[in-house]
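All remarks here apply to the structure that follows.
The values are calculated or read from the model by the stated rules, or taken from the named source; none is laboratory data. Because the structure is predicted, anything quoted here is derived from the model rather than measured. Reconstructed Cβ throughout: ideal geometry from the backbone, glycine too, with neighbour counts over all protein chains shown.
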Amino acid sequence: MDSVFIVEDDRKIRTELTKLLQKYGYCCYTSDDFSHMPDVILKQNPQLVLLDLNLPVYDGFYICRELRRHSKIPIIVVTSRSTDMDELMSMNLGADDFITKPYNTQILLARIAAVMARTYPEKAPDKISYRGLTVNFSQSVAEAEGEKAELTKNELRILSILLRNRGRITTRNDMMNALWQSDEFVDDNTLTVNINRLRKKLESIGVHSYLITKRGQGYMI
């Protein structure tokens, strides 16, 4: 089970984050010992840190700097401070990503998954099978009943997002924000084109009605 250390002094936010991450299969650690937070984190040795900037005793910049002196553990800054300077300082001190509050929970989860996949590529699943379709991520291929369809980068990402959230609706805005992390710009029309092409590719290998459109809401499988 992937582990996340949440550095947050607001108990309500900390509890909500813990419940959210546990619901999605993460093991969560927290601490009120803000005087020795870097040592507490390093001793726990989690796989990722969610770090607020506005903290008692030492701010998040100090904690980020201290962690980077001793570890390459991935750090995502999650803060209400949203200036370019805050983001620039965080990245210069070694943070892997920067998210401002209030955040969309699905975008936060997507960012966590993306940082985890980049940091621990050996842990990423090579294949996911669901409802008769198998997606081979290493080959960028969708397979069903012995038939295969080659997928583009964005088509693969779309399937990955929907498979992670299977049984739940993913809004168009959430999907575009998750795809925005790629090196290709994805606007509303581009998303529609990619969804339609993906549907046709799945139908070409005998998989029909796999991507469900929820009008005015988004997509799900």
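Structure data summary
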item	result
Meets criteria (assigned by TED's automatic domain parsing to the domain that holds residue 117 and under 18 Å from the mean Cα position of the chain (by Cα)) for residue 88	no
Segment 132-161 residues that are at negative phi and in the same structural domain as residue 208 (by TED's automatic domain parsing), paired with ones that are assigned to a loop (DSSP other than H, G, I, E, B) and aromatic (Phe, Trp, Tyr) (beta carbon under 7 Å, 6 or more apart)	133/210; 156/137
Search result, residues across segment 80-109 that are surrounded by fewer than 21 Cβ atoms within 10 Å (Cβ to Cβ), under 20 Å from residue 28 (Cβ atoms) and of a type in the set (S, T, N, Q)	104, 105
Residues (hydroxyl-bearing (Ser, Thr, Tyr) and part of a loop (DSSP other than H, G, I, E, B)) located in segment 23-38	24, 26, 30, 31, 35
Criterion: in contact with a helix residue (DSSP H, G or I) (Cβ under 9 Å, 6 or more places away or on another chain), surrounded by 14 or more Cβ atoms within 10 Å (Cβ to Cβ) and at pLDDT 90 or above - qualifying residue of 197, 157	197
Single match in 73, 6, 41 (criterion: over 19 Å from residue 107 (Cα atoms), outside any helix (DSSP H, G or I) and in contact (Cβ under 8 Å) with a residue 24 or more places away in the chain)	73
Pick from segment 14-73, criterion touching a helix residue (DSSP H, G or I) at 6+ places or on another chain (Cβ under 7 Å) and more than 21 Å from residue 97 (Cα to Cα), ranking: surrounded by the most Cβ atoms within 10 Å (Cβ to Cβ)	31
